[in-house]
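Q: One structure coming up, written as structure tokens, with questions to follow.
The values are calculated or read from the model by the stated rules, or taken from the named source; none is laboratory data. Owing to the predicted nature of the structure, the values given are computational and were not obtained by experimental measurement. Quick reminder, even Gly has a Cβ in these numbers, built from the backbone with ideal geometry, and neighbours come from all protein chains shown.
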Amino acid sequence: MTKSFFRDFMDSSPDLNGKNILVTGGTGSFGKEFVKIVSERWTPNKLIVFSRDELKQYEMAQMFPPEDYPFMRYFIGDVRDEARLEMAMRGVDYVIHAAALKHVPIAEYNPMECIRTNVFGAENVVNASIKAGVKTVVALSTDKAANPINLYGASKLAADKVFVAANNLSGANGTKFSVVRYGNVLGSRGSVVPFFRKLISEGAYHLPITDQRMTRFWITLEQGVNFVLSGLAQTRGGEIFVPKIPSSTIGTLASAVAPDLPQKVVGIRPGEKLHEIMVPEDDGRSTVEVSDRYVILPAGRQRLMDDWIAAGASPVADGFAYSSDQNDEVLDEVSVLEMLALTFPGESLKTMANKMKRREGDTPESLADTDISVSGAPKKRRRKNV
């Protein structure tokens, strides 16, 4: 993969030693990777997982046993419950808000449930954070929040607005709120790569493709966590951080995953775009650029714009927009495999490519080993008293 295509987003990160951190939706793909990375790099005082599912919390506690991770805490709760959030945030320094309802068709069918979690939940996180005296909150967004055409995207756009505006409520010396917005996460739960691999393991004779022209931004889970951590370190309050990441067509991704399988066009689902955008042209007028990201600033916050420019950022060109079909960094099949190798460590490119192939005479049974396991298990920690 061309070197400029991969950025680790590790140029800046906060010091989390001795700090109290809470992650909403912490049992999801992002939350698990976040806990894994934070526990490898720092020794926080408390790392709190806040989520609704007791089984997932139980399973996560097996991954991070208390004898090796004595700082881990688990709170059952829902972001719809402001009082529970406020209780969980007592003494917390940093909040990472990852909880959301994300499935596009399900959100279309259950709109008010999506709004209660994604929009009202965002408001509850803001109110609880201010009341609890949290220092900084970083909320996860999505490329679907930019010029949204589905309810999920619209709800996340509303949530983005809630977090940006929250800086007006917290005051100059209060809680700082910012947002990170990035594209599709390779290998995350519910994403297209695990779906393709599942089909291959079941003996599929073709891969379903929505549209050969469709393009998407791609980021690895580790990159996503690093980007959130860097946003935590860099925020002044009110920014929407957008990483510079590559894009590809869905057809290129499918060809890389299974070069010998034909592709069947099944059409775009309701609520899907042909191409995604992360910085719309209208937002470009208040966007600055640094080496590894774009930073969308609140309209009318000239002082914040001046601070970023003084720190080395540059305003983007007039008429600028950042979309997956106009991206200068485009992945080919080889670079897709290299990103997959970063997503699924321990597999050589050749081994991965061979596992993804369907050879003549293969049966579903012989293809059962195509499910390359994610490293997942965190590195063993030395026991520390916290």
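Q: Test of understanding: among Val192, Val125, which residue is within 21 Å of Leu340 (Cβ to Cβ), crowded, with 19+ Cβ neighbours inside 10 Å and β-branched (Val, Ile, Thr)?
A: Val192
Q: Can you confirm whether the stretch 97-104 contains a residue that is in contact with a helix residue (DSSP H, G or I) (Cβ under 9 Å, 6 or more places away or on another chain), more than 18 Å from Tyr152 (Cβ to Cβ) and β-branched (Val, Ile, Thr)?
A: No, the stretch 97-104 contains no residue that is in contact with a helix residue (DSSP H, G or I) (Cβ under 9 Å, 6 or more places away or on another chain), more than 18 Å from Tyr152 (Cβ to Cβ) and β-branched (Val, Ile, Thr).
Q: So Pro148 ticks every box in (1) in a helix (DSSP H, G or I); (2) over 25 Å from Lys19 (Cβ atoms) but one. Which box is left unticked?
A: (1)
Q: If you take the residues in the stretch 197-253 that are hydroxyl-bearing (Ser, Thr, Tyr) and buried (at least 19 other Cβ atoms within 10 Å of the Cβ), which one is farthest from the chain's Cα centre (by Cα)? Show your work before the answer.
A: Applying the first criterion (hydroxyl-bearing (Ser, Thr, Tyr)) to the stretch 197-253 yields 201, 205, 210, 215, 220, 230, 235, 247-249, 252.
So of that shortlist, the ones also buried (at least 19 other Cβ atoms within 10 Å of the Cβ) come out as 215, 220, 230, 235, 247-249.
On the way: Thr215: 18, Thr220: 9, Ser230: 13, Thr235: 17, Ser247: 15, Ser248: 18, Thr249: 20 Å.
The selected residue is Thr249.
Q: Also, I was wondering about something else. Please tell me if Val137 is in contact (Cβ under 8 Å) with a residue 60 or more places away in the chain and surrounded by 20 or more Cβ atoms within 10 Å (Cβ to Cβ).
A: no
Q: Related question: Within the stretch 259-310, which residues are in contact with a His (Cβ under 9 Å, 6 or more places away or on another chain) and not basic (Lys, Arg)?
A: Of everything in the stretch 259-310, those that are in contact with a His (Cβ under 9 Å, 6 or more places away or on another chain) and not basic (Lys, Arg) turn out to be Leu261, Pro262, Gln263.
Q: Follow-up question, since we're still on this one. Sort out which residues of the stretch 271-326 are modelled with pLDDT under 95, among the aliphatic types (A, V, I, L, M) and crowded, with 20+ Cβ neighbours inside 10 Å, and write them in order of number.
A: none
Q: Another question about this same structure. Suppose we filter Ser335, Ser314 for residues that are in contact with a strand residue (DSSP E or B) (Cβ under 9 Å, 6 or more places away or on another chain) and farther than 30 Å from Ala172 by Cβ; which single one remains?
A: On inspection, the qualifying residue turns out to be Ser335.
Q: Is it the case that some residue within the stretch 34-57 is surrounded by fewer than 17 Cβ atoms within 10 Å (Cβ to Cβ), in contact with a strand residue (DSSP E or B) (Cβ under 9 Å, 6 or more places away or on another chain) and without any contact (Cβ under 8 Å) to a residue 12 or more places away in the chain?
A: no
Q: Of everything in the stretch 112-142, what is small (Gly, Ala, Ser), in a loop (DSSP other than H, G, I, E, B) and in contact with an Asp or Glu (Cβ under 8 Å, 6 or more places away or on another chain)? Give them in sequence order.
A: Ser141, the sole residue that qualifies.
Q: Could I ask something else about it? Among (1) farther than 30 Å from Val330 by Cβ; (2) within 16 Å of the chain's Cα centre (by Cα), where does Asp8 come up short?
A: Unmet for Asp8, out of (1) farther than 30 Å from Val330 by Cβ; (2) within 16 Å of the chain's Cα centre (by Cα): (1).
Q: What is the residue count in the stretch 329-345 for residues that are within 17 Å of the chain's Cα centre (by Cα) and either of a type in the set (Val, Ile, Thr) or not in a loop (DSSP other than H, G, I, E, B) (or both)?
A: Going through the stretch 329-345 one residue at a time, the tally reaches 4.
Q: Next question, about the same structure. Ala165 passes all but one of (1) touching an Asp or Glu at 6+ places or on another chain (Cβ under 8 Å); (2) surrounded by fewer than 18 Cβ atoms within 10 Å (Cβ to Cβ); which number fails?
A: For Ala165, the failing item is (1).
Q: Could you check, for the stretch 168-183, whether at least one of its residues is at positive phi, surrounded by fewer than 24 Cβ atoms within 10 Å (Cβ to Cβ) and modelled with pLDDT of 95 or more?
A: Taking every residue of the stretch 168-183 in turn, none turns out to be at positive phi, surrounded by fewer than 24 Cβ atoms within 10 Å (Cβ to Cβ) and modelled with pLDDT of 95 or more.
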